[in-house]
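The values are calculated or read from the model by the stated rules, or taken from the named source; none is laboratory data. Computed from a prediction, not measured in an experiment: that's the story for all the values here. Please note: Cβ atoms are built from the backbone with ideal geometry, for glycine as well, and neighbour counts cover all protein chains shown. Calculation scope for accessible area: heavy atoms of the full protein, side chains included, ligands and nucleic acids excluded. Shrake-Rupley method; radii C 1.70, N 1.55, O 1.52, S 1.80 Å.
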Amino acid sequence: MAIARYYRYRPWLAWMRAIKIIWFFAVFILSLKSDQWQNQEEQNKFKRATQLRQLLTRLGPTFIKVGQALSTRPDLIRKDYLDELIKLQDQLPAFDSALAYKIIETELERPISEIFSSLSSSPVAAASLGQVYRGRLMNGEEVAVKVQRPNLRPILTLDLYLMRWAAGWLAPWLPLNLGHDLTMIVDEFGTKLFEEIDYINEARNAEKFANNFRDDLQVKIPAIYWRYTNTHVLTLEWINGFKLTETNKIREAGLDPELIIQIGVTSGLQQLLEHGFFHADPHPGNLFAMPDGRMAYIDFGMMDQLNETTKESLVDALVHLVNKEYNELAKDFVKLGFLSSDTDIHPIVPALEAVLGDAIGKNVGNFNFKTITDQFSELMYEYPFRVPAKFALIIRSLVTQEGIALSLNQNFKILEVAYPYVARRLLTGESPQLRRRLLNLLFKDGRFQWSRLENLIAIARSDTNFDVLPTAQLGLQYLLSDESKFLRRQLALALTEDDRLHTEEVQRLWNLVKDDLKPTRLFNVAIGVLTEFSREGVAAILPKALKE
């Protein structure tokens, strides 16, 4: 509101900028039409892709950020344009280093010679909102020094005002599901941009992110040097590594791109489904494969938070998707806000089955977001789907991660990594929410789904590091608890369902886990669990006995 009020009394500023934007895009569109009229579309396609990249660069930071977002969408952008837009991630013109040095000294209130024993004379990378110098502190530690571009706030403010105005004007002309929340999506984008230009906020994000991965030996987050960090200058640990798009360099370093992919996707799922705090801008310029096999994240300006309910609903949706339960999946879309609560989901269920069933095919390995996006866009025209503003960043993050993985391996399928991760989470989760979701998965219409438990264990065990014993321990603890009275009765019924003893199913399950459940290991676990319950029983009885 404050921004709108400011430009309402200064309309000439908005009109001057709007005319410039319209002129630039009009020239580009006329160039495309000219190629079409002269049958030179194929001949000039690379020229036009370069023209679009240069256009966005000339329009400044806001449009560069839009171009960066499009560069991760192979489902929306042709390959020739995609290859050019990718350059917006790290091949941008730098601003004058003399000015950057002056900003460093002004912000840190000390001469550069007192802080750094060396600092590169030119930036090693230039991004949309700032540029990075490589330096060394007086104690010899190597650092990256990120300096913000000057006068960013007024530039972003004006562009976002015009984008919001355009979104409000366009929304009524678009189908309801596409126009709905269009201004909210711009607002979300703008909020994240303003957060991104506050380097103190970014430093806090980095430390929170690092704390979430403190026990993960495969993920690296650079340390922050708070003494040399301010709103417009950020000093952090230097990361040596290769961009995830540099496949040849990754292989030359003796690293396996497949393992790097797995670390990236698994850590992305952890952010969404465990931590609830995720990196919303994981483009190739922000992710590095390190020589020791770890994957490093940098640039924590654009982050977002998920609440517990949303995390649980995402797990539900993935499980229902893989199990092809489209009625339950439609309910998940309502919970997540993709459909309003008063929507009649009955006509939507067969449409979901037609689109998603075809995309998944016979197994989860055939699924990818690129396939889905193409087909799902058709559904959005026919049914009242909408993308909540909150989910615009999540979808962007997932699609970006898949796009990076596809650049390393063209046959990559995200669910081949995602579902085993979810299976392991469900089987090893200690929270009541995860136990409840596992039970919902294993019981359908009051009947125990033997094949699902079999599939879950088989999929989870596809990871050689997965040990079923802790799951057995948790399961035994839960079965002996008061919380599982209903479950014990249901399992007893499951074993004798349909008037027969289900020994065949039990035998198949045993064959899956017997290598992990050696008698001595199983005996030790059972003794440990029974001992724990005995202690809990004594702890519960003793206070009453003492009172008496």
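Quick notes on this structure:
- Here the stretch 263-312 is treated with +1 on each Lys and Arg Cβ and -1 on each Asp and Glu Cβ, and its dipole about the Cα centre works out to around 140 debye.
- Heavy-atom accessible area ranking, 1.4 Å probe, most first, across Ile298, Ile19, Ile263: Ile19, Ile298, Ile263
- ³J(HN,Hα), Karplus 6.51/-1.76/1.60, whole Hz, each residue of the stretch 214-223, x for Gly, Pro: 4, 9, 9, 7, 9, 10, 10, 10, x, 6
- Taken over the stretch 184-327, lysine pairs spaced eight or more positions apart, or on distinct chains, with alpha carbons under 21 Å apart number 7.
- Shape parameters for the stretch 1-140, alpha-carbon atoms, Rg then Dmax in Å: 20.1, 64
- Sum of side-chain charges, Met16 neighbourhood, beta-carbon under 13 Å (Lys, Arg +1; Asp, Glu -1): +2
- Per-selection Kirkwood Rh - the stretch 26-99 (Cα, Å, 1 d.p.): 13.2 Å
- Computed over protein heavy atoms with a 1.4 angstrom probe, the accessible surface ordering of Phe46, Phe385, largest first, is Phe46, Phe385.
- Our summary gives the stretch 239-364 a relative contact order of 20 percent, counting only alpha carbon pairs under 8 angstrom and 6 or more residues apart.
- Square roots of five times the Cα gyration tensor eigenvalues for the stretch 219-304, Å: 23, 17, 10
- Remark on Gly130: its backbone amide H falls under 5 Å from those of Arg149, a criterion applied only to residues 5 or more positions apart or on other chains, H modelled at 1.01 Å from N.
- Inverse mean reciprocal Cα-Cα distance (Kirkwood Rh) of the stretch 153-286, Å: 17.9 Å
- The stretch 263-362, Cα convex hull volume normalised per residue, Å³: 129 Å³
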